[in-house]
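A short reminder: the numbers here are calculations on the coordinates, not readings from a lab. Please read these numbers as outputs of a predicted model, since none were measured by experiment. Reconstructed Cβ throughout: ideal geometry from the backbone, glycine too, with neighbour counts over all protein chains shown.
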Amino acid sequence: MSVGEWVSTSMPYLTPRGEGQPDAWGAELAARGRRGGQRIVAADEVAASDEVADLLGVAVGEPVVVRRRVMFLEDLPCELTDTYYPASVARGTRLAGTAKIPGGAVTLLAELGYVGVRVREDVTAGMPAEEEREALRIEPGEPVLRLTRITLDMEDRPIQLDKMTMPAHRQRLRYEMRIG
């Protein structure tokens with residue numbers, strides 16, 4: 001695996017961390033002897049777009065909380081992530097702020113009583129918008145992967161929506177499933 005390539009698995013990002021444990025990204029980097037981090041670009045309450053409303057099960061225009069982040073592997077941006085929450089879940093919590101959340105958002109959601117039990121992911125490929133290309137430091141003509149992840153609770157209610165954009169040539173997605 002080259003310096004800029006990353007193999008990503010989803011499971012660590014869906015499981016709440018124990019007290020004092022780092023967030024999943026930090027733990028995965030450390031386990032692989034890599035360095036990196038994340039920069040939280042913004043956290044806002046916004047009106048749900050058609051797509052966000054549909055995926056979160058809220059009305060179009062209803063307030064939702066979004067956290068926008070840039071993930072880094074070594075010193076290279078490797079992912080743009082926008083994470084959306086229903087305002088009823090995130091308003092007034094650390095999910096609505098720009099400070100790093102100890103143990104990560106999934107851990108905080110569990111502390112707030114929202115535990116994901118089912119996840120649906122869709123992956124597509126395409127060309128990035130100009131601002132995505134610049135943020136990810138990729139050349140014109142290089143495609144991106146877009147991963148959309150919906151996390152649902154025990155009642156099948158969406159509690160988190162992640163929209164990720166990654167340089168296709170530096171990313172490999174791995175899915176491991178256990179049957180039975």
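Sort 38-45, 78-85 for me by packing, meaning the mean count of neighbouring Cβ atoms within 10 Å per residue, highest on top. Please list the in-between numbers first.
Numbers: 38-45: 13.9, 78-85: 21.8.
Put in order of decreasing packing, that is 78-85, 38-45.
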Show me the ranking of peptides 126-133, 93-100, 144-151 by mean Cβ neighbours inside 10 Å, starting with the highest.
144-151, 93-100, 126-133
So residue 54 and residue 172, fully extended at 0.36 nm per residue minus their Cα-Cα distance, gain in nm 39.7 nm
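Could you order the peptides 135-142, 55-62 from most to least packed, using the average number of other C-beta atoms within 10 Å per residue? Before the final figure, lay out each step's value.
Values: 135-142: 13.1, 55-62: 15.5.
Ranked by mean Cβ neighbours within 10 Å, highest first: 55-62, 135-142.
Gain in length, residue 100 to residue 39, computed as 0.36 nm per residue apart minus the alpha-carbon separation, to one decimal in nm?
21.1 nm is the gain from fully extending residue 100 to residue 39.
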Treat region 39-151 as a sphere of radius equal to its Kirkwood radius over Cα pairs and apply Stokes-Einstein at 20 °C in a medium of 1.002 mPa s; give the translational diffusion coefficient in µm²/s, rounded to a whole number.
139 µm²/s
